[in-house]
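Trainee: Before anything else, here's the structure in question.
The values are calculated or read from the model by the stated rules, or taken from the named source; none is laboratory data. Computed from a prediction, not measured in an experiment: that's the story for all the values here. All Cβ positions, even for glycine, are placed from backbone atoms using ideal geometry, and neighbour counts span all protein chains on display.
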């Protein structure tokens, strides 16, 4: 008899179980490691922790920081304070930007625009410039008490999008892609659109690092669709190159990448393979997606004639609906020129005209298609503005500086409670006096609506379980949720 077989037969029951006590644990560990590797290489989305109310997100970011007291935070008492100095008891020594810290005084600039109560919820908002959006007051969840620590644009936008002022972290769209994947194998899970404002007086830089996947696998980065020319560079084959030749080329590249992956085990090589395949499939899916000429006339009447003009906010809003109905998980839209350091009276009307009818149309369009309940729409900027004027002041015109202490945003659909008016600021719209809502709480709530526990949606990086909400406490705001 073979000596090893003899030893096996003579082994006692106690010895057998002692020797195999780590077997199940090892099998479980191997299984977990396999899932992690599969998720990292893009083969398997993690899946939600519990049934989410929202299946997808449309995030409309107003770059520059809209002035809350000129839009959604009605402060009628300020009319009596015109050109009076902001009291020290209100400012309380809070940080100022270098653009106004040297001013000799801080004169109050009440809003010049007309406000009215809207809907059954009674939300007071700027109905002069946003008459169409006002019709949707009862479908919208209004948040008037957000706050952030960042006081300048780059760190503030980074914090709003990634949860951290330091660049290099994954943005909210990347986390959604990482957790849920795409519902359409022919389109990316995360798409970015940059709308061109009709007034281009003072635009902020919009960096592609805002839709970076950071330390997540690269496939979870946003794919930017251009508004002019080909939506994606090189999406079409060069002249004289048929699709069959392009496919053979990609197959050859993927074979070489597979050899590299087998030798090195780098998950980013798998990402490259996946993206080559996605790019090939997008050659047929993207032209159909972007052909808005197939939309009926009543849709252009709903969104406005600007929807026919590539790059406008109206055209971008229509494109977001087309992306959403084709299974794109997260659609990030940027609209610039909300940095109103001056000429609020001249620029705010054009900004609001850009977004008013298209936002109304997007809500109405999704609702008519039965998609609003499972589509979370977010509207807002990276911080608010000051009640005091930057630069010259008149009753018809004024400027406003950055203000991180309080600002307003709104959400609709996707499990949010329409008609809710959450949070309150003081009569100067300078400090929060009820129901503070830090951006960490906002992020935790959005992830909850997507079906994720923000403390459990993590990724191991630099020895830590990294997450969107960071290490400080964050709370899901149940009052915002149906």
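Trainee: Evaluate the following for residue 233: is it within 26 Å of the chain's Cα centre (by Cα) and at pLDDT below 90? Don't jump to the end; show me each part of the working.
Mentor: Working: within 26 Å of the chain's Cα centre (by Cα): yes; at pLDDT below 90: yes.
Criteria met by residue 233.
Trainee: Filter the strands (runs of 3 or more DSSP E) completely within region 414-476 down to those with at least 1 residues that are under 24 Å from residue 138 (Cα atoms).
Mentor: Values: elements: 432-434, 459-461, 464-466.
In region 414-476, 432-434 are the strands (runs of 3 or more DSSP E) which contain 1 or more residues that are under 24 Å from residue 138 (Cα atoms).
Trainee: While we're on this one: Residues to consider are 136, 112; find the one that is surrounded by fewer than 24 Cβ atoms within 10 Å (Cβ to Cβ), modelled with pLDDT of 95 or more and closer than 21 Å to residue 319 by Cα. Spell out the reasoning first.
Mentor: Working: 112 fails: closer than 21 Å to residue 319 by Cα.
Of the residues listed, the single one that is surrounded by fewer than 24 Cβ atoms within 10 Å (Cβ to Cβ), modelled with pLDDT of 95 or more and closer than 21 Å to residue 319 by Cα is 136.
Trainee: Anything in region 453-482 that is under 30 Å from residue 419 (Cα atoms) and touching a residue at least 40 places away in the same chain (Cβ under 8 Å)? List them, or say none.
Mentor: Correct list: 453, 457, 468, 469, 477, 479, 480, 481, 482.
To keep it simple, each residue is scored yes or no on (1) without any contact (Cβ under 8 Å) to a residue 60 or more places away in the chain; (2) out of contact with any helix residue (DSSP H, G or I) (no Cβ under 9 Å at 6 or more places or on another chain).
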site	(1), (2)
91	no, yes
115	yes, no
132	no, no
136	no, no
175	no, no
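Trainee: Let me ask something additional. Is there a residue being in contact (Cβ under 8 Å) with a residue 40 or more places away in the chain, more than 22 Å from the chain's Cα centre (by Cα) and part of a loop (DSSP other than H, G, I, E, B) anywhere in region 141-148? Steps first, answer last, please.
Mentor: Step one: filter region 141-148 for residues in contact (Cβ under 8 Å) with a residue 40 or more places away in the chain, giving 141-148.
Subset that is more than 22 Å from the chain's Cα centre (by Cα): none.
Within region 141-148, not a single residue is in contact (Cβ under 8 Å) with a residue 40 or more places away in the chain, more than 22 Å from the chain's Cα centre (by Cα) and part of a loop (DSSP other than H, G, I, E, B).
Trainee: For region 368-383, give me the residue count where each residue is part of a helix (DSSP H, G or I), more than 11 Å from residue 321 (Cα to Cα) and touching a strand residue (DSSP E or B) at 6+ places or on another chain (Cβ under 9 Å).
Mentor: From region 368-383, those part of a helix (DSSP H, G or I) are 368, 372-374; that's our starting set.
Those still in the list that are more than 11 Å from residue 321 (Cα to Cα) too: 368, 373-374.
If we keep only those that are touching a strand residue (DSSP E or B) at 6+ places or on another chain (Cβ under 9 Å) too, we end up with 374.
Of the residues in that region, 1 qualify.
Residues checked against (1) at positive phi; (2) more than 18 Å from the chain's Cα centre (by Cα); (3) crowded, with 23+ Cβ neighbours inside 10 Å:
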{"site": "340", "(1), (2), (3)": "no, yes, yes"}
{"site": "343", "(1), (2), (3)": "yes, yes, no"}
{"site": "350", "(1), (2), (3)": "no, yes, no"}
{"site": "353", "(1), (2), (3)": "no, yes, no"}
{"site": "356", "(1), (2), (3)": "no, yes, no"}
{"site": "369", "(1), (2), (3)": "no, yes, no"}
{"site": "372", "(1), (2), (3)": "no, no, no"}
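Trainee: Right, another one. Could you pull out every one of the helices (runs of 4 or more DSSP H) wholly within region 230-318 that has 1 or more residues that are under 24 Å from residue 183 (Cα atoms), touching a residue at least 40 places away in the same chain (Cβ under 8 Å) and touching a helix residue (DSSP H, G or I) at 6+ places or on another chain (Cβ under 8 Å)?
Mentor: On the way: elements: 243-264, 267-290, 297-303.
Here the list reads 267-290.
Trainee: Name the pairs whose Cβ atoms lie under 6 Å apart, with the first residue in region 360-372 and outside the structural domain of residue 136 (by TED's automatic domain parsing), the second outside any helix (DSSP H, G or I) and at pLDDT 95 or above, and 6 or more positions between them or separate chains?
Mentor: The qualifying pairs do not exist here.
Trainee: Something else about it: Going through 356, 365 one at a time, which residue ends up being over 14 Å from residue 134 (Cα atoms), at pLDDT 95 or above and in a helix (DSSP H, G or I)? Write out each step before concluding.
Mentor: On the way: 356 fails: over 14 Å from residue 134 (Cα atoms).
Sole residue among the options that is over 14 Å from residue 134 (Cα atoms), at pLDDT 95 or above and in a helix (DSSP H, G or I): 365.
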